[in-house]
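To start, the structure itself, in structure tokens.
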Amino acid sequence: MRHSIVTLIALGVAAPASADTPASVQAELGFRFGSANINGVDSGPGNNRGVYGSVGIRPRPLLLLYTEYEVAVQQYRAPALPDDSARGGLVPAGGTTTGIEQRLGIAARYTVDRFGDFDHREGGWFDMWVEAGAGLEHFNWDAGGVWTRPDVALGVGFTLGGRFERRFHGLTFALRVQFAPKQSSSDQLACGGPCDAPSAATGWDRSAVFEIGWAFGR
């Protein structure tokens with residue numbers, strides 16, 4: 001993942017830019033919803049929803065480097081465990097709990113195709129882009145307990161906007177996939193579904209979210 005982010009940055013730095021084009025600033029506010037895996041349990045598409053804000057800079061016309069903050073409502077359906085004490089008592093023995101997730105992240109977004117001229121004082125433009133980043137998730141459960149873990153994220157999307165004098169406004173639509181480590185993983189071999197041979201369980205959660213945002217800047 002580290003190599004992917006470096007590659008995106010290198011592509012953006014190598015992109016042609018006029019000498020008199022200043023670095024532009026972009027912010028974004030939006031809404032995210034989708035399906036989240038929390039320690040191997042799918043929260044369901046209706047139980048992962050939140051709002052986010054980001055601010056970044058374009059050192060090159062096709063490259064955006066930004067930092068973001070997200071607050072989301074999460075629901076965790078805890079599996080029934082025969083011996084909860086074996087995992088330190090950090091996982092409920094069963095039932096459903098809700099909580100608030102906060103995420104702080106950084107990312108690089110590279111425009112792979114652009115229609116229109118982003119640098120004109122007036123007019124519309126359309127960007128198709130890919131992005132890669134990393135973040136830190138912090139869960140605070142309503143029933144008690146906190147959990148913090150890192151993640152990495154990959155995304156694709158597009159932004160449709162218009163420029164008015166020195167400012168621009170646009171709408172962003174995107175799909176993001178996030179990967180984060182589970183709280184614990186077992187080396188015990190098992191078959192979680194139809195299989196030819198047992199293997200150890202995966203140690204990563206995979207989540208997919210959609211986002212709709214309002215981008216603006218100058």
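Backbone phi angles across the range 50-58, fed through the Karplus curve with coefficients 6.51, -1.76 and 1.60 (θ = phi - 60°), yield HN-Hα couplings of x, 10, 9, x, 9, 9, x, 9, 9 Hz in residue order; Gly and Pro are listed as x.
Are there GluC sites (Glu not before Pro) in the range 114-218 that DSSP puts in a loop and that have at most 12 other Cβ atoms within 10 Å, and which ones? Each step should come with its number before you reach the end.
Details: sites: Glu122, Glu131, Glu137, Glu165, Glu211; in loops: Glu165.
Within the range 114-218, the qualifying GluC sites (Glu not before Pro) (loop, at most 12 other Cβ atoms within 10 Å) are Glu165.
Computed from label points 7 Å out along Cα-Cβ, the spacing between Asp142 and Phe173 is 3.3 nm.
Label-point separation (nm) for Leu189 and Ser35, each offset 7 Å from Cα along Cα-to-Cβ? For Leu189 paired with Ser35, the spin-label model returns 3.0 nm.
A short reminder: the numbers here are calculations on the coordinates, not readings from a lab. Since the structure is predicted, the reported quantities are computational estimates derived from the model, not experimental observations. Using ideal geometry, Cβ is built from the backbone for each residue, glycine included, and neighbour counts are taken over all protein chains shown.
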